[in-house]
1. Averaging sequence separations of C-alpha pairs under 8 Å and six or more residues apart, then dividing by the length of segment 45-110, give the relative contact order as a whole percent.
2. Report the relative contact order of the chain, percent, no decimals, based on alpha-carbon pairs under 8 angstrom and at least 6 residues apart.
3. Suppose R0 equals 22 Å; then what is the FRET efficiency for residue 100 and residue 62 from their Cβ-Cβ distance, rounded to the nearest 0.05?
4. Once neighbouring chains are kept in place and the probe is 1.4 Å, which whole percent of the accessible area of segment 87-161 is contributed by carbon and sulfur?
5. Please give every one of the lysines within straight-line cross-link reach of residue 96, meaning a C-alpha to C-alpha distance under 17 Å, and leave out same-chain neighbours fewer than 8 residues apart.
6. GNM on the chain, C-alpha springs below 10 Å: top fluctuator among 147, 57, 109?
7. Where a Cα-Cα gap under 17 Å defines reach, which aspartates and glutamates qualify for residue 100, not counting those fewer than 8 residues away within the same chain?
8. With angles folded into 0 to 90 degrees, how steeply does helix 109-125 sit against the dominant principal axis of the chain? Use alpha carbons for both and round to 10.
Amino acid sequence: MIQRLAEVRIAKSNEQKLRNKGAVEAGKDHYKWMVLMHVSFFVAFFSEVYLLNAKPPSWWLIPFVLFLIAQVIRIWAISSLGVYWNTKILLLPGAKVVAKGPYRFMRHPNYTVVSLELLVIPLIFGAYYTAILFTILNILMLRVRIPVEEKALMELTDYENSHGQKQRFFPSQ
């Protein structure tokens, strides 16, 4: 949770810098639902662990290692994007899209990390209901968010030249 709060702080700082340069926001309508989903994740997770007495399984080390790997990729993704990293879809019209770090290999590594976290964090503690529910909710959210982001990137940046024609692990439709 502390990590998420630090990320919100980074995102707010980056948002201000990008808006000062003329950034445009896409996906504003679904953003509040995404935030609600992430806040609800922590409520459900802590509730399942403390109120339903979820217990770590004997194989907790497997999801824990996956969580640690996800953190490395998260830091790599955030540092690769620099000021362009944000929790919102903020784009500078005409900007060159960052195609370094994990973005060389896949279009949306940060979403991959978040998806992995929403699954493995509850599994570490045996919170199976939270793992299943929020994995499904996240899939539904990303089915909205990724097309909105891809469309905005194609319309406002050089995304088609830098990413659009290349096949990645998670190519767009």
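1. After rounding, I find 33 percent.
2. Answer for the chain is 33 percent.
3. 0.15
4. The computed percentage sits at 68.
5. Correct list for residue 96: 17, 21, 151, 166.
6. Sorting by GNM fluctuation, first place goes to 57.
7. Within the straight-line cut-off, residue 100 pairs with 158, 160.
8. So the inclination is approximately 10 degrees.
The values are calculated or read from the model by the stated rules, or taken from the named source; none is laboratory data. Treat the numbers as computed from the prediction; the structure is a model and nothing was measured. FYI the Cβ positions are ideal-geometry reconstructions off the backbone, even for glycines, and counts take in every protein chain you see. Note: areas computed on protein heavy atoms with side chains; ligands, DNA, RNA excluded. Shrake-Rupley method; radii C 1.70, N 1.55, O 1.52, S 1.80 Å.
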